[in-house]
Amino acid sequence: MKIESSLCDICGTCAGVCPVDAIRIFEFKVEIDNEKCIDCKNCLIICPAEAIKEEK
Ligand code: SF4
Ligand code: SF4
């Protein structure tokens, strides 16, 4: 997963639904740790800004 930072408003919603705590919220950006991510797609589905994309 990757986050399109230009779309993300840093609401933090995605981090709350990640079962493996792979999403970290910083003051000015949100990052996904793809080493931890299990591709459950919870974050992709819940993001109100549609800022999370599947990384090919
Ligand atoms: S849910 Fe979407 S808009 Fe909110 S912090 Fe996560 S990526 Fe950004
Ligand atoms: S796809 Fe699932 S495991 Fe990966 S970052 Fe999103 S919520 Fe977390």
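On the stretch given as the stretch 1-52, residues that are near ligand 1 (Cβ under 8 Å from one of its atoms) and of a type in the set (A, V, I, L, M, F, W, C) total 16.
When the residues of the stretch 6-41 are filtered to those that are of a type in the set (S, T, N, Q) and more than 9 Å from the chain's Cα centre (by Cα), which remaining residue is farthest from ligand 2 (Cβ to nearest atom)? Steps first, please.
From the stretch 6-41, those of a type in the set (S, T, N, Q) are 6, 13, 34; that's our starting set.
Now narrow it down to the ones that are more than 9 Å from the chain's Cα centre (by Cα): 6, 34.
Values: Ser6: 19, Asn34: 8 Å.
Selected residue: Ser6.
Residues in the stretch 26-40 that are exposed (fewer than 13 other Cβ atoms within 10 Å of the Cβ), closer than 15 Å to Glu4 by Cα and of a type in the set (D, E, K, R): Lys29 only. Within the stretch 33-46, residues that are assigned to a loop (DSSP other than H, G, I, E, B) reach partners that are not polar (S, T, N, Q) with beta carbons closer than 6 Å, at six or more positions or on different chains, in the pairs Asp33/Ala22; Lys36/Val20; Lys36/Ala22; Cys37/Met1; Cys37/Ala22; Ile38/Val20.
Where a number appears in this text, it was derived from the coordinates with a stated rule and is not lab data. As the structure is a computational prediction, the values presented were derived from the model and not from experiment. Neighbour counts are summed over all protein chains in view; Cβ atoms, including those assigned to glycine, are modelled from backbone coordinates with ideal geometry.
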